[in-house]
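What follows is a short report on a single structure.
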Amino acid sequence: MFKPVPANVSFPQLELEVLDFWQQESIYQESLQRRSDAEPFIFYEGPPTANGMPHPGHCLTRAIKDVFPRYRTMRGYLCERKAGWDTHGLPVEVEVCKELGIHSKEEIENYGIEPFIQKCQQSVWRYMQEWERLTNRLGFWVDLDQAYVTYHQSFVESVWWCLKNLFDRDLLYQGHKIVWWWAQGGTALSSGEVGQGYREVADPSVYVRFPLLDESGNPSPTSLLVWTTTPWTLPSNQF
């Protein structure tokens with residue numbers, strides 16, 4: 001039933017052969033056709049933003065996204081995997097601002113709202129080919145040809161429709177919450193957007209010797225050697 005695997009197998013080459021077989025035989029499309037009358041399992045991809053290059057972290061998330069629909073497909077469900085592209089949000093706008101040398105809302109308004117929007121729309125497709133290449137190379141089954149795009153009017157209207165239904169069911173409320181604020185951009189920031197400013201910097205660290213006490217409470221000849229990158233916390237380390 002299975003071909004024997006040689007001892008000196010090249011796994012990358014084996015992966016390419018499997019991918020080529022899937023493509024030549026339209027295995028993904030075949031899995032849909034054979035289950036056209038089966039119970040559906042709904043899958044919409046949490047959309048990445050294509051204005052930045054994919055990185056190793058996306059390999060992990062795409063592998064996880066593939067596991068559950070693939071399992072459901074093997075269980076006999078009809079699983080149409082809807083791809084998506086995130087084309088909204090500050091990451092896109094900030095990237096365009098960097099290109100244009102813009103640093104504030106006033107400068108965006110002076111540049112022109114519509115030209116700025118067009119620049120953003122062009123930006124989000126910059127690395128689309130790299131994303132599609134990664135998706136195919138990973139063997140991630142997803143319908144890229146009919147992907148939803150968050151700046152398309154149909155998607156925007158669907159979001160407003162959902163909000164309207166939540167409002168009609170009295171499921172929305174107004175409250176107060178402390179949020180991060182970007183003074184230069186004049187907008188609130190999510191925790192994820194704040195985390196995008198992460199960078200590696202040289203920082204002081206110290207090694208400290210903590211003597212251990214014996215049963216009588218006196219210093220013993222044994223100590224613990226501790227390394228910390230937050231030396232300002234040492235004054236509180238007393239016990």
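Annotations for the structure displayed:
- Evaluating D170 against the criteria (1) touching a residue at least 40 places away in the same chain (Cβ under 8 Å); (2) charged (D, E, K, R); (3) at positive phi leaves one unmet condition, (1).
- Every pair of residues 6+ apart whose Cβ atoms lie under 6 Å, when the first sits in the range 29-40 and is within 14 Å of R72 (Cβ to Cβ) while the second is of a type outside the set (G, A, S): S31/T73; R35/L78; A38/Y77; A38/L78; E39/Y77; P40/L78
- Considering the range 41-93, and only residues there that are small (G, A, S) and surrounded by fewer than 20 Cβ atoms within 10 Å (Cβ to Cβ), the residue that is farthest from L138 (Cα to Cα) turns out to be G89.
- Of residues in the range 57-90 being touching a strand residue (DSSP E or B) at 6+ places or on another chain (Cβ under 8 Å) and hydroxyl-bearing (S, T, Y), the one farthest from E132 (Cα to Cα): Y77
- Number of positions in the range 50-91 that are of a type in the set (A, V, I, L, M) and touching a residue at least 40 places away in the same chain (Cβ under 8 Å): 6
- Tally of residues being outside any strand (DSSP E or B) and loosely packed, with under 10 Cβ neighbours inside 10 Å across the range 144-156: 2
- Residue, nearest to T150 (Cα to Cα), within the range 33-63, restricted to residues that are among the hydrophobic types (A, V, I, L, M, F, W, C) and either at pLDDT 95 or above or not in a helix (DSSP H, G or I) (or both): A50
- Selection within the range 95-120 - surrounded by fewer than 16 Cβ atoms within 10 Å (Cβ to Cβ) and within 13 Å of G185 (Cα to Cα): K98, H103, S104, K105, E106, E107, E109
- Restricted to the range 190-213, and to residues there that are in contact with a Leu (Cβ under 9 Å, 6 or more places away or on another chain) and within 17 Å of K98 (Cβ to Cβ), the residue that is surrounded by the fewest Cβ atoms within 10 Å (Cβ to Cβ) is Q196.
- In the range 133-143, the condition of being within 17 Å of the chain's Cα centre (by Cα) and not in a helix (DSSP H, G or I) is met by at least one residue.
The values are calculated or read from the model by the stated rules, or taken from the named source; none is laboratory data. What you are looking at is a predicted structure, and each value in this text was computed from that prediction instead of being measured. When we count neighbours, we look across all protein chains shown, and the Cβ atoms used for this are built from the backbone with ideal geometry, even at glycine.
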